[in-house]
Every structure is written in structure tokens, then in C-alpha cells.
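Q: My questions will all concern the structure given below.
The values are calculated or read from the model by the stated rules, or taken from the named source; none is laboratory data. The model shown is predicted, which means the values in this text are computed figures rather than measured ones. Please note: Cβ atoms are built from the backbone with ideal geometry, for glycine as well, and neighbour counts cover all protein chains shown. Calculation scope for accessible area: heavy atoms of the full protein, side chains included, ligands and nucleic acids excluded. Shrake-Rupley method; radii C 1.70, N 1.55, O 1.52, S 1.80 Å.
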Amino acid sequence: MLRLKRMAVLCVVLVCVITGFLFWALRMGGQPAALTLPAPPQSAARLEVLATTSTPALNVTRVVDGQWLAGAAAETGIPARALQAYATAAAAASSSNPGCGIGWNTVAAIGFVESAHGTYGGGSLSAAGQATGPIVGPSLDGDGFAAIADTDAGALDGDPHWDRAVGPMQFIPSTWQFAGRDGNGDGNADPFNIDDAAMSAAAYLCGGGRDLVTDRGWADAVYAYNQSDTYVNQVREKATAYAAQAAS
């Protein structure tokens, strides 16, 4: 009987050790703990065919439907100018990466968490999509944040010593160097422009062949954007809410 009790205790200890190791291995592998939660629905905007008399800034043939835009902006509280950028970016990313399936609501949720759609600090977006106020994050000097030494000589963030996240979608300068996109066709990729920033964010989320319709694909994409389980949950909650509000 004593031997059986000892074996039972040993089994319990082994299960605890194995469980702890698996949890550690998953975390070290970069997989978010929130992975098992369901992905929010990926919402698509209503698009309309671009008038043939118009000259598009980019090589596109469809644009966000104005009536849908006004209604969705009113239901979600997202500024129409920002929502236009999110919807356009999601549609472009899905077209370029058919297996991605990203919805505008995911891009919008990130825009909300990162900068309240470009209104952080009392700013706003101009008609051209430009942030009217400087949206620059804290210095990434290792004090409460990752330590990322300056990579752009302060060109984007004004800090010659440490990098800072910039713009409505809060890109780090080193990331913007390879991920930045020209979303409005003016020949310049500007992280402070919502069209460029949203297009870049959508393309970044779809990178690596991720399928954002799946639970794991969506969680991996958002976790890659900001490696925080709390962040993933914040974006999930907001994306889910936006999808429900726009559908009502």
C-alpha cells in the first residue's frame, strides 16, 4: 500500500513537472498564452467599383462604399477617415494574400489600441489622412520597455539615442524600414499617414502566410505585432466589438 501511495505521489509530481515544462516551452517559442481563445470574425467592408473617370492613387479598381463607410463609422465610433484607411488596407492585403482573410475590424482594433485612431494626445487626422499631432511613443531604453538603440538617427522619432514607436499604428523605425508601404500612392511611405500606416500594418499581419481566419493564425499575427498576451486580448475584444457594431 505504501509503495502504491509513493507511486501515486511520484506520478502527480511528474505531471506537474511536465505541464510546467510544456508551458515554459510554449512561452519561449513565442506562442501567446491566449492562443486557445477564438479569433474574432473578420469583417469585410462593402466596396464599389471605382469610376472610370477617376484617377486612382494606387492600382485599384474598387474603393470603400461611401454609404457603408458613413454607417459603419457611426455605429463603431471610428473616425470615418481612419475607417476608410483600415477597410482599404484590409481589402488590399486580402487581395495580395488571398489566404490571409484579414478583416478591417482587426486593423481598426490595432489602430484603437495603439493611438485611438490617431487621436492620442488630442490630435486628429486631416482629410489627407495625416496625423495632426506628433504620435511618438516612449523611449525604448530598457526602462519598462525593450531596449532598442536608435536605428534612424532620430529621423522619424526625433530621438538620436533610442528608437520610439511612431504614428497611428505605432511602428518602430527599424520595422518601418522593411514594412513601410505607400498606401495613398504619393510616392512616400509615411508612418504618420493613416493610409500608409494601415496598409503597412495589414501587410505585416498577413506576413509569413498567416491565415487570420483561424484562431492560431490570428493570435500569431497580433502577437507578432506586439508580443504581449494582454495586447492580443485587447485587440481581440475590440475587433469582436467592431464586427458586432458594424453588423447591427
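Q: Working carefully through the options ARG181, ARG164, find the one that is open to solvent by 10 Å² or more (accessible area, probe 1.4 Å), touching a residue at least 12 places away in the same chain (Cβ under 8 Å), in contact with a helix residue (DSSP H, G or I) (Cβ under 9 Å, 6 or more places away or on another chain) and within 23 Å of VAL64 (Cα to Cα).
A: The match here is ARG181.
Q: For region 148-161, give me each residue that is open to solvent by less than 70 Å² (accessible area, probe 1.4 Å) and of a type in the set (A, V, I, L, M, F, W, C).
A: ILE148, ALA149, LEU156
Q: Further question: Counting just the residues of region 201-230 that are open to solvent by 60 Å² or more (accessible area, probe 1.4 Å) and without any contact (Cβ under 8 Å) to a residue 60 or more places away in the chain, which one comes out nearest to the chain's Cα centre (by Cα)?
A: Going through the qualifying residues, I end up with TYR204.
Q: Taking PHE192 as the residue in question, decide whether it is within 22 Å of TRP104 (Cβ to Cβ), out of contact with any Leu (no Cβ under 8 Å at 6 or more places or on another chain) and open to solvent by 20 Å² or more (accessible area, probe 1.4 Å).
A: Yes.
Q: State whether the residues of region 231-245 include one that is among the hydrophobic types (A, V, I, L, M, F, W, C), open to solvent by 40 Å² or more (accessible area, probe 1.4 Å), in contact (Cβ under 8 Å) with a residue 12 or more places away in the chain and over 14 Å from ILE110 (Cα atoms).
A: No, region 231-245 contains no residue that is among the hydrophobic types (A, V, I, L, M, F, W, C), open to solvent by 40 Å² or more (accessible area, probe 1.4 Å), in contact (Cβ under 8 Å) with a residue 12 or more places away in the chain and over 14 Å from ILE110 (Cα atoms).
Q: Of all residues in region 149-176, how many are more than 20 Å from the chain's Cα centre (by Cα), in a loop (DSSP other than H, G, I, E, B), farther than 14 Å from ALA189 by Cα and not charged (D, E, K, R)?
A: 6
Q: Determine whether region 129-142 contains at least one residue that is assigned to a loop (DSSP other than H, G, I, E, B) and under 14 Å from SER200 (Cβ atoms).
A: yes
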